[in-house]
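The values are calculated or read from the model by the stated rules, or taken from the named source; none is laboratory data. Everything numeric here is computed off the predicted structure, so don't read it as measured data. FYI the Cβ positions are ideal-geometry reconstructions off the backbone, even for glycines, and counts take in every protein chain you see. The protein model used for the area step is the full one, side chains on, heavy atoms only, and it has no ligands, DNA or RNA in it. Shrake-Rupley method; radii C 1.70, N 1.55, O 1.52, S 1.80 Å.
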Amino acid sequence: MTRHTMAPCRHRAGIKRAFRFVASIQVASRPSKARKREIGLFSPDPFSMPAYNFQERFVPFILSGAKTHTIRRPRLRPTKRGDRLYLFTRMRQCRCRLILDTECTGVLPVFITEVHLQLAHKRLSEPDADRFARADGFVDYAAMKAFFRKQYGLPFRAEAISWRPPSQTN
């Protein structure tokens, strides 16, 4: 072997040793969960504050109190009544904005198909389905159905998460 091909090998070995050294320092300097709890950096339930992202078109409805629920896929840690909800727009973007900090008032199962809408395992009539869609920020049930068909495909199982309107929030 020439000296030229050996140098990169020794160099790589040195880098590996350096990375191992740096990793050992980082592990040693991290505080334990008990220490984080003591200094207030560790929450016992890190998922206790559900955050929901909304399209910009829904923001005026949320702020006016006309939209007080959202239809979402069930989460791994389900949202439940009494949870603190954080409603955002443009989440994971530089212009992220908190719309509302409120409390969950209820969670109901929703099933949307091409033919009908079920809320809390009860099939809604056409006028009730339209009323529900308008309360969710859509023109009518047909527009809501088209949105969910395009976004997720139908049939779609979800949950309707409701919250206190801004006028009733602390």
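Mind checking which residues of the range 106-126 are hydroxyl-bearing (Ser, Thr, Tyr) and open to solvent by 50 Å² or more (accessible area, probe 1.4 Å)?
Ser125
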Report summary line: Subset of the range 77-92, residues surrounded by fewer than 19 Cβ atoms within 10 Å (Cβ to Cβ) and out of contact with any Cys (no Cβ under 9 Å at 6 or more places or on another chain), comes to Arg77, Pro78, Tyr86, Met91, Arg92
